[in-house]
1. For log10 I(q)/I(0) by the Debye sum over Cα atoms at q = 0.10, 0.20 Å⁻¹, one of (i) -0.29, -1.35; (ii) -0.40, -1.45; (iii) -0.39, -1.28 was computed from the structure I shared and the rest are decoys. Which label?
2. Roughly speaking, what is the stretch gain from Arg59 to Thr100, that is 0.36 nm per residue apart minus the C-alpha to C-alpha distance, in nm to one decimal?
3. Go through Ser92, Ser152 and list them by solvent-accessible area, largest first, probe radius 1.4 Å.
4. Along the Cα→Cβ direction, 7 angstrom out, place labels at Thr21 and Glu148. What is the inter-label distance in nm?
5. Determine, for each peptide in 27-36, 59-68, the mean count of other beta carbons within 10 angstrom over its residues, then list the peptides with the highest first.
6. Apply the Karplus parameterisation 6.51 cos²θ - 1.76 cosθ + 1.60, with θ equal to phi minus 60°, to every residue of region 148-156 and state each ³J(HN,Hα) to the nearest whole Hz, in sequence, with x for glycine and proline.
7. Contour minus end-to-end for Lys2 and Arg116, with contour as 0.36 nm per residue of separation and end-to-end as the Cα-Cα distance?
8. Kindly rank 17-26, 121-130, 4-13 from highest to lowest mean number of other beta carbons found within 10 Å of each residue.
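The values are calculated or read from the model by the stated rules, or taken from the named source; none is laboratory data. Source: prediction; values computed, not measured. As a convention, Cβ positions derive from the backbone with ideal geometry for all residues, glycine included, and neighbour counts pool all protein chains shown. Just the protein is used for accessible areas: all its heavy atoms, side chains included, with ligands, DNA and RNA removed. Shrake-Rupley method; radii C 1.70, N 1.55, O 1.52, S 1.80 Å.
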Amino acid sequence: MKFEHLIEINDILNPLMDTITPVQLWRGLVLRAETPKTFMPQLDECTIDERSAAGFRRRLRYGELEVVDHVRLEPGKEVRYEIPAQGEIPPSTLTMTIETPADDRLFVRFRYDDGRAEPTDSANKMYDDIRRSAYQEADIDTVRIVRELAASGRLDTDFVN
């Protein structure tokens, strides 16, 4: 299943909404990767066990299930999660890309790819629709939390933890 959607960060038509900068947004997306429990309370533990200039490897534990993934960083532009095949889990990716089509406009494009072809039967189509909806809700929550962190000043410096 391939799925993507766009979330507008700064609504220029709503003067009551606090705006955040591309730098604050970037720091928030990196914080989501480095301390995911802030964004996913169902996560029991996250350990970063390898770092490089290009990103890091994490071990995520949800109860008895452990998932290893790789986070690739393109500073100021993109955070890419790569989940290799492991056990019952097929390979997949999630990419969060910051887009600035105009000076006052700021968006995040979320792209999901689980490597599977689009289903042809109605049961699996319904399952994919449910997953798309869940992904979109999680991404809306991510943006909400990033906004809260920006409003509290936690995204105003390089040190965000």
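1. Given (i) -0.29, -1.35; (ii) -0.40, -1.45; (iii) -0.39, -1.28, the calculated one carries the label (ii).
2. Numbers: separation 41, 0.36 × 41 = 14.76 nm, distance 3.19 nm.
Difference between extended and current length: 11.6 nm.
3. Sorted descending by solvent-accessible area, the residues read Ser152, Ser92.
4. Distance between label points: 2.4 nm.
5. Working: 27-36: 19.6, 59-68: 12.6.
Put in order of decreasing packing, that is 27-36, 59-68.
6. So the Karplus estimates, Gly and Pro as x, are 4, 5, 5, 5, 7, x, 5, 10, 8 Hz.
7. Numbers: separation 114, 0.36 × 114 = 41.04 nm, distance 0.79 nm.
Net length gain for the segment: 40.3 nm.
8. Working: 17-26: 16.7, 121-130: 11.3, 4-13: 14.2.
Listed from highest to lowest mean packing, they are 17-26, 4-13, 121-130.
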